[in-house]
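Here the structure is laid out as structure tokens; the discussion comes afterwards.
The values are calculated or read from the model by the stated rules, or taken from the named source; none is laboratory data. Since the model is a prediction, treat every value here as computed from it, not as a measurement. Backbone-built Cβ (ideal geometry, glycine too); neighbour counts: all protein chains shown. Calculation scope for accessible area: heavy atoms of the full protein, side chains included, ligands and nucleic acids excluded. Shrake-Rupley method; radii C 1.70, N 1.55, O 1.52, S 1.80 Å.
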Amino acid sequence: MAYDDDNVFAKILRGEIPCEKVYEDEHVLAFNDIAHMAPVHVLVIPKGKYVSMDDFAEQASDAEVAALMRAMGRIAREAGVAESGYRVVANTGPDSGQEVMHLHFHVFAGRRLGGMRRQAGGSE
Ligand code: 5GP
């Protein structure tokens, strides 16, 4: 799938739509999800134009991959949830329900998040 410059996270990166910024560096922007599903619900995105995890894993530089992973660890530590725990999710493609076609990692924390079985692969 080709990258669409009109997706909502592209607009946030260009400053056309506001966001509650949590973290930023050369390769990464992180901001609160507009419809948070946990007390901590941060979206961590690469600044590069990657549609999905699949695209990122194949095309991104080592520096971009490392920056994203380190940013998520840092965000969790700074939110005070590194010890209590958190969940990272990257919906990828149609079966996952990915809505925004710019790669994003959800970081959920701040409450007991419940089991993964039904969400991740069990019968519905
Ligand atoms: P997906 O279902 O693609 O994994 O998740 C997309 C996420 O983006 C959703 O959790 C949704 O609430 C969030 N989102 C959509 N539009 C906006 C927006 O304009 N601002 C912010 N901060 N989050 C958004």
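Structure notes:
- Debye-sum result for segment 1-71 in log10 I(q)/I(0), which assumes one identical scatterer on each alpha carbon, at q = 0.21 Å⁻¹: -0.98
- Placing a pseudo-label 7 Å from each Cα along the Cα-to-Cβ vector at GLU20 and ALA2 gives an inter-label distance of 3.6 nm.
- Phi angles across segment 40-57 convert, under the Karplus curve 6.51 cos²θ - 1.76 cosθ + 1.60 with θ = phi - 60°, into 3J(HN,Hα) values of 10, 9, 10, 9, 10, 10, x, 6, x, 8, 10, 5, 7, 4, 4, 4, 5, 4 Hz, Gly and Pro given as x.
- Carbon and sulfur %, accessible surface of the chain computed with the full protein complex present, 1.4 Å: 49
- 15 Å beta-carbon shell around ALA35, net charge (K/R +1, D/E -1): -3
- Net charge over other residues, Cβ less than 10 angstrom from the Cβ of LYS47 (K, R count +1; D, E count -1): -3
- In the chain, Cα pairs under 8 Å separated by at least six residues give a relative contact order of 29 percent.
- Farthest toward positive dipole pole in segment 1-71 [+1 Lys/Arg, -1 Asp/Glu at C-beta], among ALA2, TYR23, VAL51: TYR23
- Charged neighbours of ALA60, selected by a Cβ distance under 15 Å, balance to -4 (K, R count +1; D, E count -1).
- Over the chain, equivalent-ellipsoid semi-axes from the Cα gyration tensor in Å: 22, 18, 14
- Rounded to the nearest 20, the Cβ-based charge dipole of segment 1-75 about its Cα centre (Lys and Arg +1, Asp and Glu -1) stands at 300 debye.
- Solvent-accessible heavy-atom area per residue, rounded to whole Å², over the chain at 1.4 Å: 63
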